[in-house]
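Derivation of every value follows stated rules applied to the coordinates shown; laboratory data play no part. The structure presented is a predicted model; accordingly, all values stated were derived computationally and were not measured. Using ideal geometry, Cβ is built from the backbone for each residue, glycine included, and neighbour counts are taken over all protein chains shown.
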Amino acid sequence: MAKDFYEALRGRRSYYGISDESPISDERIQEIVEEAVKYTPSSFNSQSTRIVLLLGKEHQKLWDITTEVLRAVVPQGQFASTQQKMESFRAGHGTVVYFEDLSVVEDLQRQFPLYQENFPVWAQHTNAMHQFVIWTALEIEGLGASLQHYNPLIDERVKSNWNLPEKWQLVAQMPFGKPTSDPGDKDFKPLDARLKVFR
């Protein structure tokens with residue numbers, strides 16, 4: 001039986017222990033991403049979010065690239081923990097890579113100069129909604145994921161390797177796979193400090 005929205009919301013957690021197995025087909029994963037790209041809202045209907053879905057060897061290549069880049073900047077004595085983290089992401093089934101198309105943002109800035117300072121912020125809001133929709137949808141299907149941010153360190157290597165447009169700005173990376181361990185406990189701050197209701 002399919003989970004309802006609130007059950008899926010509660011179940012969406014950061015999974016760092018993942019394997020290359022998947023309870024669903026790659027075609028179904030692609031379908032999830034396509035649905036998210038098509039139906040997730042955006043300010044001014046900008047549809048500025050761009051996504052690259054990496055599976056199999058292409059997914060592994062992303063984390064090989066990230067490892068190489070980090071090896072050059074992380075002190076050698078501290079690299080072991082970084083290497084372990086990279087291997088945990090590489091062990092997954094795939095990675096969803098999130099971008100914003102700056103050419104769309106810049107065009108909106110020209111069209112609506114009164115709001116030009118807001119469009120980059122609104123683009124990040126749009127991207128975050130895509131992340132949430134895909135993350136939650138993957139959870140519903142039995143996949144665990146986490147959200148990573150190795151940009152801007154890996155931006156140029158990623159765009160060069162997959163021949164992506166220069167105006168695509170890298171925002172986040174979401175490795176996913178079949179969970180191999182449970183997420184840790186999560187603490188919640190009191191709602192009365194985070195929510196106000198006026199009647």
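Over the alpha-carbon set of the chain, divide Rg by the Kirkwood Rh and report the Rg/Rh ratio to two decimals.
0.99
Straight-line reach only, C-alpha to C-alpha below 19 angstrom: list the aspartates and glutamates that Lys167 could link to, leaving out same-chain residues fewer than 8 apart.
Result set, ordered by chain and number: Glu100, Asp101, Glu106, Asp107, Glu117, Asp155, Glu156.
With charges set only on the Cβ (+1 for Lys and Arg, -1 for Asp and Glu), what does the dipole of the chain come to about its Cα centre, in debye to the nearest 20?
Values: 22 positive and 27 negative charges, 103 e Å.
Rounded to the nearest 20 debye, it is 500 debye.
Would you calculate a helix-derived [θ] at 222 nm for the chain, using -39,500 (n - 2.57) for each DSSP H run of n ≥ 4 and dividing by the full residue count, to the nearest 500? Walk me through the numbers before you get to the answer.
Details: 7 runs with 87 residues, N = 199.
One gets -13500 deg cm²/dmol as the mean residue ellipticity at 222 nm.
Using a 10 Å Cβ count of at most 15 others and DSSP loop calls, identify the longest part of the chain lacking such chymotrypsin sites (Phe, Trp or Tyr not before Pro).
With a cap of 15 other Cβ atoms within 10 Å, the longest stretch comes to 1-161.
Taking the simple approach of a point 7 Å from Cα along Cα-to-Cβ for both Ala80 and Val121, what is their distance in nm?
Going from the Ala80 label point to the Val121 one covers 4.5 nm.
Among the lysines, which fall within straight-line cross-link reach of Lys3, defined as a Cα-Cα distance under 19 Å, with same-chain neighbours fewer than 8 residues apart omitted?
Partners within reach: Lys178.
Mind checking which of Gly56, Leu114, Met174 is farthest towards the positive end of the chain's charge dipole, using Cβ charges of +1 (Lys, Arg) and -1 (Asp, Glu) about the Cα centre?
So the residue furthest toward the plus end is Leu114.
Tally the DSSP beta bridges in the chain and give the antiparallel ones as a percent, rounded to 5.
Within the chain, antiparallel bridges account for around 95 percent of the total.
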